[in-house]
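Below is one structure, written out as C-alpha cells, with a few remarks after it.
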Amino acid sequence: MAVASPLLTSPPTVSPFLRQTRSYKRTLIRSSSSASSPMDLHHPKRVVVCGGGVIGVCTAYFLAKSGAAVTLVEKSSVACAASGKSGGFLALDWCDGGPLSSLARASFNLHRSLAQELDGPNSYGYRSLTTLSLTVTESQSSKPSGKSDLPSWVDGPGRSPRTIGTTETTAQVHPQLFTRTLISKAAEDYGVDVVIGKLEHLGVDDGRVNSVVLEGGRVIDSDAVVLALGPWCGKFELLSSLFRVYGIKAHSIVLEPKEPEAITPHALFLSYYPSQGGKPLDPEVYPRPTGEVYVCGMSAEAEIPDDPEQIVGNPESIEMLKGVASSVSSHLREGEAQVKAEQACFLPCTDDGVPVIGEVPGVKGCYVATGHNCWGILNGPATGAAVAELVLDGKASIVDLSRFSPARFVGLKKG
C-alpha cells in the first residue's frame, strides 16, 4: 500500500500487540539468514510458497508444521496488502448453502484452535462478536428512531436492528497481526525461510516444477510450488492463461475514539442511505480490542497496480466512510476520534465467484490458492491446511477441494 500500515499502532496499554510486532521483526532478521533445519537430515519435501498474504502464510505454516522445508517468497512485506488492511471478520455459517460452506465452517473452527495455540486474544485480537444489521439514513439527527436495542455507542439515526451473528457464530481477528503472528511462529518453530523478492517465473522440466526464479536471477530449487499471489495471480501468465483473477478495490478507515471503553464488541452491517439520495450503500463497522474502530466499504472493480505499495484510496470514498462513521456514532465523529488510517486494498475474485485451490493442470507439483474475495481471512487457515495436505499427501482431508480445482477452467478460456 501507499504508506506503512498504521494498523500496528496500538494503545500503550495493549502491550501484547507491541510484543507481537517486535517478534515479527525478529523473524524477518532471523529468516534472512536461517540455518539448515534438522529436518534436512530426513530430506523433507522442499516447497516454495509465493505470496505473503494470509493464504500463503497459512499454507507455509501448515506445510512446515507437517515437516516440509518451506521458503516463503513475498515481493514487499508480509500482510502488506488485503491481509493487512481488511476487516478480519469471521463467520461460521454465513457461507452455508453455497460452495464455500464446508471450507468456511472448517476454517472458523480452525481459527478458534489457532487462537488457543497462539494466544490469539493477546497476540492478534481474536475475540467473539455479536453482529448486527441496521439501516442508517444520513441526516442531521443524531438519535435512533423509537426504542432501540442497539448498543449505547450506536447513537446515530439507526433503525430496524437485527442480530445476524452471535458470539458462537461470529468473531474477529486483527488480520495483519494474525498473519504476522503465524509467520513468526512458522519461522521460529518450524524453520520457514522468508525471502523478499519478486517471482519472475517457474522452472519446469518435463511437465514438473523444479524451481522458482526471482527477479535478479536468484533460483530457489523446489519439489513443489504454491502460488498464493492474491489478485496478482492474474498477472502471472501460467495462471492467467487458464482463468481470470481480478481485483475489487475496497476502501477502509481506522479510527481511534477518545473513549474506546465506550465501544462494545458489536460488528455492524449497514444499509446506509446517503443524504443526496441514490441506492443504499453497504458499509461495515468493526470495533477492535485495540480500542480502534475499522470502517470499510465503497468497493468496485479496478486495475491492480504491479506494486502493492502503490495502492491508495480514492478521496471521495474515504470521505464517504468518514460520513458513515459520523452518522453511526457520536464517538466516531471528527473531534471525537482520530483517523489512524485511510487505505484501500484489492480483494481477489474469480468469474464464477469460487476460489481456485488445487494443482495447476499440466504442471506437476505446481499448486494455486487464490480468489477468496472478502472471505480470505476467514478461509485462510482451512485453505492453508488443505493445500498442505494436498502437497504432502496427494489429497486434502480437512475439506474436499474438488469444487475449487483449477481444472474446472480447462477448455473454457478463449483467446
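The values are calculated or read from the model by the stated rules, or taken from the named source; none is laboratory data. Every value quoted in this text rests on a predicted model; they were computed, and no experiment measured them. Heads up, the Cβs are rebuilt from the backbone with ideal geometry, glycines too, and the neighbour counts pull from every protein chain shown. Keep in mind that these areas ignore ligands, DNA and RNA; they rest on the heavy atoms of the full protein, side chains included. Shrake-Rupley method; radii C 1.70, N 1.55, O 1.52, S 1.80 Å.
Summary of values
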{"item": "Cα-Cα over 19 Å, subset of LYS75/LYS364; LYS198/LYS235; LYS45/LYS65; LYS85/LYS340; LYS85/LYS249; LYS185/LYS364", "result": "LYS75/LYS364; LYS185/LYS364"}
{"item": "Chain lengthening between ILE164 and SER152 when straightened (0.36 nm per residue, less Cα-Cα)", "result": "2.5 nm"}
{"item": "The range 258-316, relative contact order [Cα under 8 Å, separation at least 6], %", "result": "24"}
{"item": "On Cα atoms only, tilt of 376-393 relative to the major axis of the chain in degrees", "result": "20"}
{"item": "Per principal axis, descending, Cα span of the range 92-196 in whole Å", "result": "58, 32, 26"}
{"item": "Per DSSP, loop trypsin sites (Lys or Arg not before Pro) in the range 344-415 with at most 14 further Cβ within 10 Å", "result": "LYS395, LYS413, LYS414"}
{"item": "Length released on extending from SER139 to ARG218, taking residue separation times 0.36 nm less the Cα-Cα span", "result": "22.7 nm"}
{"item": "1.4 Å probe accessible area per residue over the chain, in Å²", "result": "42"}
{"item": "Range of Cα positions in the range 191-257 per principal axis (Å), largest first", "result": "56, 33, 22"}
{"item": "Dipole of the range 213-364 [Lys/Arg +1, Asp/Glu -1 at C-beta], most positive-end residue of ALA262, LEU229, MET298", "result": "ALA262"}
{"item": "Computed over the chain: relative contact order in percent, which uses C-alpha pairs under 8 Å that are six or more apart", "result": "24"}
{"item": "Over the range 262-327, volume per residue of the alpha carbon convex hull, in Å³", "result": "117"}
{"item": "Heavy-atom accessible area order for CYS58, CYS374, CYS296, largest first, 1.4 Å probe", "result": "CYS374, CYS296, CYS58"}
{"item": "Translational diffusion coefficient (Stokes-Einstein; Kirkwood radius from C-alpha pairs) of the range 285-415 at 10 °C, 1.306 mPa s, in µm²/s", "result": "89"}
{"item": "Dipole of the chain, positive direction: furthest Cα of CYS80, TYR273, SER329, with charges on the beta-carbon", "result": "SER329"}
{"item": "Loop GluC sites (Glu not before Pro), the range 289-346 (other Cβ atoms within 10 Å of the site Cβ: 13 or fewer; DSSP)", "result": "GLU303"}
{"item": "Sparse-neighbourhood loop sites, trypsin sites (Lys or Arg not before Pro) in the range 180-239 - DSSP loop, at most 16 other Cβ within 10 angstrom", "result": "LYS198, ARG218"}
{"item": "14 Å Cα-Cα reach of LYS279 towards aspartates and glutamates, excluding residues that sit fewer than 8 places from it in its own chain", "result": "GLU138"}
{"item": "GLU261, GLU256, GLU200, reordered so the largest accessible area comes first (probe 1.4 Å)", "result": "GLU261, GLU200, GLU256"}
{"item": "The chain - mean residue ellipticity at 222 nm from DSSP helices (-39,500 (n - 2.57) per run, n ≥ 4, rounded to 500)", "result": "-8000 deg cm²/dmol"}
{"item": "Relative contact order computed over the range 260-415 (Cα-Cα under 8 Å; 6+ residues apart), in percent", "result": "13"}
{"item": "With Cα atoms, 0 to 90° folded angle of helix 315-328 axis to the chain main axis", "result": "50"}
{"item": "Phi-based couplings in Hz for the range 352-359 (Karplus 6.51, -1.76, 1.60; Gly and Pro marked x)", "result": "9, x, 10, x, 10, 9, x, 6"}
{"item": "Inverse mean reciprocal Cα-Cα distance (Kirkwood Rh) of the range 332-396, Å", "result": "14.4"}
{"item": "Calculated P(r) of the range 220-333 - Cα pairs past 22 Å, %", "result": "50"}
{"item": "Portion, in percent, of the accessible area of the range 203-316 that falls on carbon or sulfur, probe 1.4 Å", "result": "47"}
